[in-house]
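Please read the structure below before turning to the comments.
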């Protein structure tokens, strides 16, 4: 079946997580430097209610490319659409902070593990769940960037912040060994818009690259 590789490869890759008990990607020895009184800022949905990204999802040498549209329907709901440049839909979904409802989805992507992964990545790409974070503390870091650890639904988010508290990178960390699950890097911030964003998973080979599009592009 055409494009069935994507669902099969991603689903098989996700299963490998259960075999990755000894990951080298860990924040276990991160030391707390003190409290954090600020608030992590977001460049999304401040000036526009919808953001468009030219998007490539890559896994094990295969790629699925198109346009990702993320629209804020309300304070707790996004509408997410992923489609080809010719307008053919891959999927549409309504997304809340802890669930989502598929409106339509091609059969090759219509798998709960696949869509769970993609939707969770999109939430963090646009920092949709940043207000679900709690108990922030500063972490000692060798870099020049301020690093803050937040509690998040039984796991942690480590955020490297600029002086204005906009993120350069966020990392999802889980388990007693503080292993990294995935990270989102914001390569550039221009006029409060993240123009280049990269998502990388550590337990299996899944990368997402996004380039912000303006209405004139």
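Structural remarks
- Tensor-based shape of the stretch 122-179 (alpha-carbon gyration tensor, a/c under 1.5 rounded, otherwise prolate or oblate): oblate
- As a size descriptor, the averaged projected area of the C-alpha convex hull of the stretch 57-98 was calculated at 3.6 nm².
- Dividing the convex hull volume of the alpha-carbon atoms in the stretch 26-213 by its residue count gives 126 Å³ per residue.
- Computed from label points 7 Å out along Cα-Cβ, the spacing between residue 213 and residue 176 is 4.8 nm.
- Computed FRET value (nearest 0.05) for residue 165 with residue 48, which takes r as the C-beta separation and R₀ as 25 Å: 0.75
- Considering only alpha-carbon pairs that sit under 8 angstrom and 6 or more positions apart, the relative contact order computed for the stretch 129-176 is 26 percent.
- Label point distance in nm, residue 96-residue 39, each placed 7 Å from Cα along Cα→Cβ: 2.3 nm
- Per-residue extension of 0.36 nm, minus the Cα-Cα distance of residue 104 and residue 62, leaves a gain of 12.8 nm for this segment.
- Sequence-separation-based contact order of the stretch 26-213, relative, with Cα cut under 8 Å and 6+ spacing, percent: 22 percent
FYI, it's all coordinate maths here, none of it is from the lab. These figures come from a predicted structure and were not determined experimentally. Here Cβ is always computed from backbone atoms with ideal geometry, including for glycine, and neighbour counts include all displayed protein chains.
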